[in-house]
1. Report the rotationally averaged projected area of region 83-164 based on its alpha-carbon convex hull, in square nanometres.
2. In what order do Met98, Met45 fall by count of nearby beta-carbon atoms within 10 Å, going from fewest to most?
3. Quick one: angle between helix 59-80 and the longest Cα principal axis of the chain, in degrees between 0 and 90, rounded to 10, please.
4. Full extension from Lys44 to Thr25: what is 0.36 nm times the residue separation minus their Cα-Cα distance, to one decimal in nm?
5. Taking the Cα centroid of region 25-80 and of region 96-169, what is the distance between the two, rounded to the nearest whole Å?
6. By how many nm would the segment from Ala10 to Met67 lengthen if fully extended, with 0.36 nm per residue of separation less the alpha-carbon distance?
7. Shape of the chain from its Cα gyration tensor (a ≥ b ≥ c, root eigenvalues): rounded if a/c is under 1.5, otherwise prolate when a/b > b/c, or oblate?
8. For a test of the definition: using alpha carbon positions, the gyration tensor, and the 1.5 limit on a/c, classify region 1-94 as rounded, prolate or oblate.
Amino acid sequence: MSRIGKRPIAVPKGVTASVDGQTVTAKGPKGELKFLVNDEVLVKMEDGAVSVEPKDQSKDARSKWGMSRTQIQNIFDGVANGYERKLEITGVGYRAAMQGKNLQLALGFSHDVVYEAREGVTIAVPKPTEIVVSGIDKQVVGQTASEIRAYRPPEPYKGKGVRYANERILRKEGKKK
């Protein structure tokens, strides 16, 4: 039994949810999201909450049960509050700036890296060494932050590069004479 999948998902205040067959739709103050639940999982709306259960006791159905519940919870949280990931830039001369809707990064290459923001994602640069990626879809926000970090991941000797705000870098000791 999935401990996560058993719990019903309460619809937050200010969010209207509807279940139409295998599609769960959520509308809230931040926007609207839909999630198409796998056919191996049953979705029901009861007493202002959404419940999820497997169609049968096969391994495939049980493995998709908890994941489906979490995805539905994520769309409810996204339309109610939204998600954000913070990135920090460390290194001499490394900086970020907004150029219209695009993010311009100076990361020690011979050219500046220009990242084109996806639809549904807002990128802000409060400081030249800080980037804030925000949006209503958790997966898209995380993917965007990951793609920005991939241009120059933090290296273990000096810690230079782009890292998540809460990420710890395991530092290595340099060569000794």
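1. Convex hull of Cα atoms, orientation-averaged projection: 5.0 nm².
2. Placing the least packed residue first, the sequence is Met98, Met45.
3. Here the helix axis deviates by roughly 70 degrees.
4. Working: separation 19, 0.36 × 19 = 6.84 nm, distance 1.24 nm.
Length gained, Lys44 through Thr25: 5.6 nm.
5. Distance between centres, Cα-based: 30 Å.
6. Working: separation 57, 0.36 × 57 = 20.52 nm, distance 1.63 nm.
So the chain would gain 18.9 nm between Ala10 and Met67.
7. Values: a/c = 3.20, a/b = 1.93, b/c = 1.66.
Cα axes put the chain in the prolate bin.
8. Since a/c reaches 1.5 but b/c is at least a/b, the shape of region 1-94 is classed as oblate.
Readers should treat all values here as calculations from the given coordinates under stated rules, not as data from a laboratory. Keep in mind that what you see is a predicted model, and the values were worked out from it rather than measured. Don't worry about glycine lacking a Cβ; one is built from the backbone with ideal geometry, like all the others, and counts go over all protein chains shown.
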